[in-house]
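Undergrad: Could you have a look at this structure, given as structure tokens, before my questions?
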Amino acid sequence: MPAKGHLDVMVTEMLTASPGSSGDEDYNSFSSVAGKNVIIWSWKGMTWSWYVICELVIAIVGITGNALVIAVVFGRRSKSRSTDILVGNLAIADFITSVLLIPYRTVNSIPNSWTGALFCKILEGDYLMWTTVTASIYSLLAISLDRFFAVVYPIHFRRFANRRLVNLIVCLIWAGSFVFMVRNFLTNTTGVILGKCVYQREQRNLEIVYGIYIFVVQFALPTVFMLLTQAAIARSLRREAARFVSNESSASFHLTARSRVLTLTLTVVLIYVICWAPDQIAFLSFNLGLITPSYVRSPLSRITTALAICNSCVNPIVYTLRHPIFREAVKDFFRKTGKGNAPIFEDLESQFRSDKSQTRIDKP
């Protein structure tokens, strides 16, 4: 199985099988060409441990749920749906992550070729998976910022938020994610003699720097910004509710909008923090020398890693449980009777802004 946690990639110098494999496996790993032994592709049998089964379940749930979100969100043809596009991009990142979580047989030997090198760099080194995880994190950050500007600065938001800008942001998220994780691509190569994926260990001070870098880029910085934006949204909506306290219907609708919009986004953010905090803190602690390498293969390490990858499948469940408009959109999708141009994750706020403007007009 490929490593799925930061610590597995960091500590295990041999990401695939160790040289001490069985005789039959060693025999099957070589072929004779012109009297020389040539390493060929060979694979071990699948071991169905609790962790592998957990990965498979998370992968199936994540693929199914995120595929549904993608189909429902992009099935709408709204011209103004910045949040929907960002939610769809988040689902795409989580969908790819879920696909990469599907367990596969452990590689026993890899030829020293460009295909073997790419396999080690992209799959065994988890470069692609950590890229999609990073894209997922920053898509969630973009959603938080999008809702912040929509609620706190609605006039400016309507003026500048358009499909071209949102598409540009999505492209920047993916480009930045590939750049952020390029170190994983550069430090995993194929051994010339053993035919194994070898992790190139760096100097101790560089590992400390990298550990801090990952903690800041993938966890601390996004978390701080997401929590600050959610706090600002809550404060703004609370002030708006106080303004319309004299108008019972407007106040009631405002409270509903605040509850659903803020609670939905805040729930997704808090789940991200809960899922990733243990793994990120452990990875940082390991690089700082606060925990020993023995933690890496411990049951506690497996639990924190499993909790982290759960984040790739949980968001569709949250949308279903906490957002009635999404539930209706799913029903419409299967019935083929959906509102072709109606946004899903902006509808309540759009209605509220319209009702609020009408209320101001009606006032003498």
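Undergrad: Applying 1/(1 + (r/R0)^6) with R0 = 30 Å to the Cβ-Cβ distance of Asn162 and Leu307, what FRET efficiency is obtained, to the nearest 0.05?
TA: FRET efficiency, Asn162 to Leu307: 0.20.
Undergrad: With a probe of 1.4 Å, find how much accessible area the range 32-148 has per residue, and write the answer as a whole number in Å². List each step's numbers first, then the result.
TA: Numbers: 4580 Å² over 117 residues.
Dividing the accessible area of the range 32-148 by its residue count gives 39 Å².
Undergrad: Students sometimes get this wrong: rank Glu124, Glu240, Glu328 by accessible area, probe 1.4 Å, all chains present, largest first.
TA: Numbers: Glu124 5, Glu240 25, Glu328 90 Å².
Ranking Glu124, Glu240, Glu328 by accessible area, largest first, yields Glu328, Glu240, Glu124.
Undergrad: With unit charges on the beta carbon (Lys/Arg positive, Asp/Glu negative), name the residue among Leu145, Ile60, Ala161 whose Cα is farthest towards the positive pole of the charge dipole of the range 60-183.
TA: About the Cα centre, the residue reaching furthest to the positive side is Ala161.
Undergrad: Run the dipole for the range 91-235 about the Cα centre, Lys and Arg Cβ at +1, Asp and Glu Cβ at -1, nothing else charged, and hand back the magnitude in debye, nearest 20.
TA: On the way: 12 positive and 6 negative charges, 80 e Å.
Here the size comes out at about 380 debye.
Undergrad: Could you derive backbone 3J(HN,Hα) for the range 277-287 from the dihedral phi with the Karplus parameters 6.51, -1.76 and 1.60 (θ = phi - 60°), listing whole Hz in sequence and x where the residue is Gly or Pro?
TA: Listing the rounded values in order: 4, x, 5, 5, 5, 5, 5, 5, 5, 5, 5 Hz.
Undergrad: Further, regarding this structure: Treat each spin label as a single point 7 Å out from the Cα along the C-beta direction, and report the Leu300 to Thr320 distance in nm.
TA: About 3.4 nm, to one decimal.
Undergrad: Calculate, for Gln203 and Phe178, the FRET efficiency according to 1/(1 + (r/R0)^6) with r their C-beta to C-beta distance and R0 35 Å; round to the nearest 0.05. Before the final figure, lay out each step's value.
TA: Working: r = 25 Å, r/R0 = 0.71.
Computed FRET efficiency for Gln203 and Phe178: 0.90.
Undergrad: May I ask you to evaluate 6.51 cos²θ - 1.76 cosθ + 1.60, the Karplus curve with θ = phi - 60°, for each residue of the range 97-109 and list the ³J(HN,Hα) values in order in whole Hz, giving x for glycine and proline?
TA: Running phi through 6.51 cos²θ - 1.76 cosθ + 1.60 with θ = phi - 60° gives 4, 5, 4, 6, 7, 4, x, 9, 4, 5, 6, 9, 8 Hz.
The values are calculated or read from the model by the stated rules, or taken from the named source; none is laboratory data. These numbers were taken from a predicted model, which means no experiment stands behind them. Reconstructed Cβ throughout: ideal geometry from the backbone, glycine too, with neighbour counts over all protein chains shown. When the accessible area is computed, the model is the full protein with side chains, heavy atoms only, and any ligands, DNA or RNA have been set aside. Shrake-Rupley method; radii C 1.70, N 1.55, O 1.52, S 1.80 Å.
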